[in-house]
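Below: one structure in structure tokens.
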Amino acid sequence: RTPAAGIKGTSQERTFIAVKPDGVQRALVGDIIKRFEARGYKLVGLKLTVPSKSLAEKHYADLRTKPFFNGLVDYMTNGKAPVVAMVWEGKDVIRQGRRMLGATNPLEAAPGTIRADYCTSIGRNIIHGSDSFESALTEITLWFNENELADWTPSNAEWVTADN
Ligand code: UDP
Ligand code: MG
């Protein structure tokens, strides 16, 4: 059984990806899931949730001294739209997830990345992705219970991963 937080550096590495409320409002959930699925990553956790203030504050704990912190927490938790919280598994998924998202400021994000393709504002950049194994571990544990994560083997696994 794969540990809830995955195994760093293997094809069982896991990352926490969340479509933020603006991404949900803008009906981008399907496209975002499609990109991770199409790349060959495996979905092991998925839920629609309005996070509590305490959860959002923990999730963004490293930013608590920033001037935008209160606005950020309100945007994530005010319930005008839920968050789609996900755990994705696969080779190098933490780093690749960040590359697929693009830079935090969508105006600096490379064309073809999610943020460059769908947004222009740093305060409404539609998606979150863990930035390291340590953050992935913390975030997966914060957002999901162990029994909410599915251990399963896609039937195409051998067509997605091999070093030959
Ligand atoms: N953020 C913001 N204003 C800023 C910087 C960040 O509203 O000037 C928000 C934005 O939603 C960003 C989140 O805070 O995605 C977390 O910031 P971080 O630097 O961790 O960026 P990320 O890891 O999301 O790329
Ligand atoms: Mg971050």
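Residues checked against (1) within 13 Å of ligand 2 (Cβ to nearest atom); (2) over 20 Å from Ser135 (Cα atoms):
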residue: Val50; (1), (2): no, yes
residue: Phe69; (1), (2): yes, no
residue: Val73; (1), (2): no, no
residue: Pro106; (1), (2): no, yes
residue: Ala110; (1), (2): no, yes
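Continuing with this model, one more query. Determine the pairs where a residue that is under 25 Å from Ala27 (Cα atoms), located within segment 59-85, has a partner that is in a helix (DSSP H, G or I) and of a type in the set (Ser, Thr, Tyr) with Cβ atoms under 9 Å apart, the partner being 6 or more residues away or on another chain.
Here the result reads His59/Thr138; Val83/Thr77, each pair linking segment 59-85 to a residue that is in a helix (DSSP H, G or I) and of a type in the set (Ser, Thr, Tyr).
Condition first: over 15 Å from the mean Cα position of the chain (by Cα) and under 24 Å from Pro51 (Cα atoms). Can you find one or more residues in segment 136-145 that meet it?
yes
For the subset of segment 145-155 comprising residues that are in contact (Cβ under 8 Å) with a residue 24 or more places away in the chain and assigned to a loop (DSSP other than H, G, I, E, B), which member is surrounded by the most Cβ atoms within 10 Å (Cβ to Cβ)?
Step one: list which residues in segment 145-155 are in contact (Cβ under 8 Å) with a residue 24 or more places away in the chain, which gives 146, 148-152, 154.
Checking which are assigned to a loop (DSSP other than H, G, I, E, B) leaves us with 149-152, 154.
On the way: Leu149: 20, Ala150: 13, Asp151: 10, Trp152: 10, Pro154: 16.
Within segment 145-155, the match that is surrounded by the most Cβ atoms within 10 Å (Cβ to Cβ) is Leu149.
Kindly establish whether Val44 is of a type in the set (A, V, I, L, M, F, W, C), away from ligand 2 (no atom under 15 Å from the Cβ) and under 30 Å from Asn147 (Cα atoms).
On the way: of a type in the set (A, V, I, L, M, F, W, C): yes; away from ligand 2 (no atom under 15 Å from the Cβ): yes; under 30 Å from Asn147 (Cα atoms): yes.
Taking the combined requirement at face value, the residue satisfies it.
Among the listed residues Ala116, Ala56, which satisfies the condition of being among the hydrophobic types (A, V, I, L, M, F, W, C), over 22 Å from Val44 (Cβ atoms) and within 12 Å of ligand 1 (Cβ to nearest atom)?
On the way: Ala116 fails: within 12 Å of ligand 1 (Cβ to nearest atom).
Of the residues listed, the single one that is among the hydrophobic types (A, V, I, L, M, F, W, C), over 22 Å from Val44 (Cβ atoms) and within 12 Å of ligand 1 (Cβ to nearest atom) is Ala56.
If we only count helices (runs of 4 or more DSSP H) wholly inside segment 39-144, which ones have 3 or more residues that are touching a strand residue (DSSP E or B) at 6+ places or on another chain (Cβ under 8 Å), open to solvent by less than 20 Å² (accessible area, probe 1.4 Å) and within 24 Å of Arg14 (Cβ to Cβ)?
Filter on segment 39-144 gives 93-101, 133-143.
Is it true that some residue in segment 132-143 is away from ligand 2 (no atom under 15 Å from the Cβ) and in contact (Cβ under 8 Å) with a residue 40 or more places away in the chain?
The answer is yes, given that some residue of segment 132-143 is away from ligand 2 (no atom under 15 Å from the Cβ) and in contact (Cβ under 8 Å) with a residue 40 or more places away in the chain.
Still on this model: From the list Val50, Val83, which one is under 19 Å from Ile126 (Cα atoms), hydrophobic (A, V, I, L, M, F, W, C) and away from ligand 1 (no atom under 16 Å from the Cβ)?
On the way: Val83 fails: away from ligand 1 (no atom under 16 Å from the Cβ).
Of the residues listed, the single one that is under 19 Å from Ile126 (Cα atoms), hydrophobic (A, V, I, L, M, F, W, C) and away from ligand 1 (no atom under 16 Å from the Cβ) is Val50.
The values are calculated or read from the model by the stated rules, or taken from the named source; none is laboratory data. Worth saying up front: this structure is predicted, and the values here are computed from it rather than measured. No Cβ is skipped: glycine too gets one built from the backbone with ideal geometry, and neighbour counts run over all protein chains shown. Calculation scope for accessible area: heavy atoms of the full protein, side chains included, ligands and nucleic acids excluded. Shrake-Rupley method; radii C 1.70, N 1.55, O 1.52, S 1.80 Å.
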